[in-house]
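Below is one structure, written out as structure tokens, with a few remarks after it.
Nothing in this text is a laboratory measurement; each read-out follows from the coordinates by a stated rule. Please read all numbers here as calculations on a predicted model, not as lab measurements. Ideal geometry is used to build each Cβ from the backbone, glycine not excepted, and the neighbour counts take in all protein chains shown.
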Amino acid sequence: MEFSKQNPLSRRHFCLCCLSGAAFAATGGWLTPREAFAEARGLVSLIKDSAAVSPIVTHKLRNNISVLEGSGGNIAVLTGPDGKLLIDAGIAVSRPQITKALDALGADPITHLVNTHWHFDHANGNEWLHAAGAKIIAQANTRKHLSEVQRVEDWDYNFLPLSSGGIPSEVFANEHDLKLNRSSIGLKHYGPAHTDSDISVTFAEANVVHVGDTFWNGIYPFIDYSTGGSIDGMITASDTNLAATNNDTIIIPGHGQPVSNKAELRDMLVAIRDNVAKLKKQGRSRDETVAAKPTAAFDAKWGQFVIDPGFFTRLVYEGV
Ligand SMILES: [Zn+2]
């Protein structure tokens, strides 16, 4: 399918490897990988700063569905006479660019917003979108996490609750259906996966599905153990995605470019899980496991973004 080859999702704007490298240089190299990562705790601020200046690129997918790329996670937009439905809100500082991109898609007002999960790069724009007219819908755990201080251990960061306007007003446990703009829209909870709040959003007639952060196309995914995620949950979610799609389905990942090649969803996760589990079973420590490079076969393709091979190995190690 046609989709821009250039990825403005800030590969060039922020890069954990560079940050770790800088920390390494600043301390003469006396940092363990974990410390180097903690050193990069300004990452959330960096992502926000990057979003403030990043352009938003619009990709028309199929029927009246588009994807806006450039503010945190991929934002899907359904347009039509019932108003615009957004899947994910991006980061609040991108409001001017997102507003411009939405205006270019038509004059329909913003009426609905769905959060695929609670993370800030998908829900930080909730408050302004609610003020602009969106009713916010999400899985119940998303509302819970957005309502309290949320510590993410592996980011070494405490996220503050959103103000009341940004909290989803309509939540569900397992499934929720919407009918808007002549589209049948199915929201479905994965169970524990990338977090405990992830849902898929399926546009039935268009055969398009937004799978949130259960899939990062071509880049190692973050797994948020602090709010219920795990490597096994990610693999189960990949199985769910495979079962729910066919070769014609356009899959919108949480990060990276939309694809219609579903095979890539799962194999990398399973292979690395097996490699790491084997090493851990042999009694290797986390650092020894990282040193054994269990992701080596996948690094060239998947290890070029925020979650570098060592960090992804540590995330998998934690869960096997
Ligand atoms: Zn996420």
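Given H placed on each backbone N at 1.01 Å, which residues far from ILE219 in sequence or on other chains put an amide H within less than 5 Å of it?
When sequence neighbours closer than 5 places are left aside, there are no close amide H contacts.
May I ask for the distance between the Cα centers of the stretch 72-96 and the stretch 248-320, given as a whole number of Å?
Each part's Cα centre sits 29 Å from the other's.
Most mobile of ASN74, ASN181, ASN217 per a Gaussian network model of the chain (Cα springs, under 10 Å)?
Result for the chain, Cα springs under 10 Å: ASN181 fluctuates most.
I'd like the Karplus ³J(HN,Hα) series for the stretch 166-177: coefficients 6.51, -1.76, 1.60, θ = phi - 60°, whole numbers in Hz, and an x wherever there's a Gly or Pro.
x, 7, x, 8, 10, 10, 9, 8, 10, 9, 8, 10
So between LEU242 and ASP156, what do we pick up on full extension, going 0.36 nm a residue minus the alpha carbon distance?
Gain on stretching LEU242 to ASP156: 27.7 nm.
Less than 16 Å from a label point 7 Å out along the Cα-to-Cβ axis of ALA52: which backbone N atoms in the stretch 118-147 qualify, by residue?
125
If I model a spin label at SER184 and ASP287 as a point 7 Å from the Cα along the Cα→Cβ vector, what separation in nanometres do I get?
My value for the distance between the label points is 5.6 nm.
Rounded to the nearest 500, what is the 222 nm mean residue ellipticity of the chain from helices alone, with -39500 (n - 2.57) per DSSP H run of 4+ residues and division by all residues?
-9500 deg cm²/dmol
Would you give the gap between the C-alpha center of the stretch 150-214 and the C-alpha center of the stretch 104-140, rounded to a whole Å?
11 Å
Can you classify the stretch 144-221 as rounded, prolate or oblate using the Cα gyration tensor, where a ≥ b ≥ c are the square roots of its eigenvalues, rounded means a/c under 1.5, and otherwise it's prolate if a/b beats b/c and oblate if not?
Note, shape of the stretch 144-221 comes out oblate.
Let's test the formula: R0 of 41 Å, r as the Cβ-Cβ distance of THR99 and ASP232. What FRET efficiency results, to the nearest 0.05?
Result of the calculation: an efficiency of 0.55.
Can you give the charge dipole size of the stretch 74-131 about its Cα centre, rounded to the nearest 20 debye, using +1 on the beta carbon of Lys and Arg and -1 on the beta carbon of Asp and Glu?
Approximately 100 debye in magnitude.
Taking the chain as the reference, fit the longest principal axis to its C-alpha atoms, fit the long axis of helix 43-53 to the helix C-alpha atoms, and give the angle between the two in degrees, 0 to 90, nearest 10.
Between the helix axis and the principal axis of the chain, the angle is about 40 degrees.
Over the chain, with a Gaussian network built from C-alpha contacts below 10 Å, which listed residue (GLY283, GLY90, GLY191) shows the highest mean-square fluctuation?
Most flexible of the set in this elastic network: GLY283.
Antiparallel versus total DSSP beta bridges in the stretch 60-211: what percent is that, nearest 5?
Of the beta bridges lying entirely in the stretch 60-211, close to 70 percent run antiparallel.
Near the amide H of LYS84, under 5 Å away, which other amide H atoms are found, from residues 5 or more places off or on another chain, if H is placed in the peptide plane?
Correct list: ILE110, THR111, HIS112.
When the Karplus curve 6.51 cos²θ - 1.76 cosθ + 1.60 is applied with θ = phi - 60°, which whole-Hz ³J(HN,Hα) does each residue of the stretch 73-88 get, with x for Gly and Pro?
Working through the residues one at a time gives x, 5, 9, 8, 10, 10, 10, x, x, 7, x, 7, 10, 9, 9, 6 Hz.
What list of ³J(HN,Hα) couplings, whole Hz, do you get for the stretch 277-290 from phi and the Karplus terms 6.51, -1.76, 1.60, once you set θ to phi - 60° and write x for glycine and proline?
4, 4, 5, 5, 5, 6, x, 6, 6, 4, 5, 5, 5, 4
State the extension gain, in nm to one decimal, for the chain segment bounded by LYS278 and ASP177, taking 0.36 nm per residue of separation less the distance between their alpha-carbons.
32.2 nm
How would the chain be classified by its alpha-carbon gyration tensor: rounded, prolate or oblate, with rounded meaning a/c under 1.5 and the a/b versus b/c comparison settling the rest?
Cα axes put the chain in the prolate bin.
Given Cβ point charges of +1 (Lys, Arg) and -1 (Asp, Glu) and nothing else, what value in debye, to the nearest 20, does the dipole of the stretch 169-320 about its Cα centre take?
It comes to approximately 420 debye.
Counting only DSSP beta bridges with both residues in the stretch 80-166, what percent are antiparallel, rounded to the nearest 5?
In the stretch 80-166, approximately 30 percent of DSSP beta bridges are antiparallel ones.
Helix 231-243 sits at what angle to the longest principal axis of the chain, using alpha carbons and giving 0 to 90 degrees rounded to 10?
Its long axis makes an angle of about 40 degrees.
Which of LYS48/LYS301; LYS188/LYS262; LYS188/LYS280; LYS100/LYS262 have a Cα-Cα distance over 22 Å?
LYS48/LYS301; LYS188/LYS280; LYS100/LYS262
In terms of the Cα gyration tensor, with a ≥ b ≥ c the square roots of its eigenvalues, is the stretch 106-249 rounded because a/c is under 1.5, prolate because a/b exceeds b/c, or oblate?
Taking the square roots of the gyration eigenvalues as a ≥ b ≥ c, the stretch 106-249 is oblate.
Over the chain, what is the percentage of antiparallel beta bridges among all DSSP beta bridges, to the nearest 5?
Given both bridge residues lie in the chain, the antiparallel proportion sits at roughly 70 percent.
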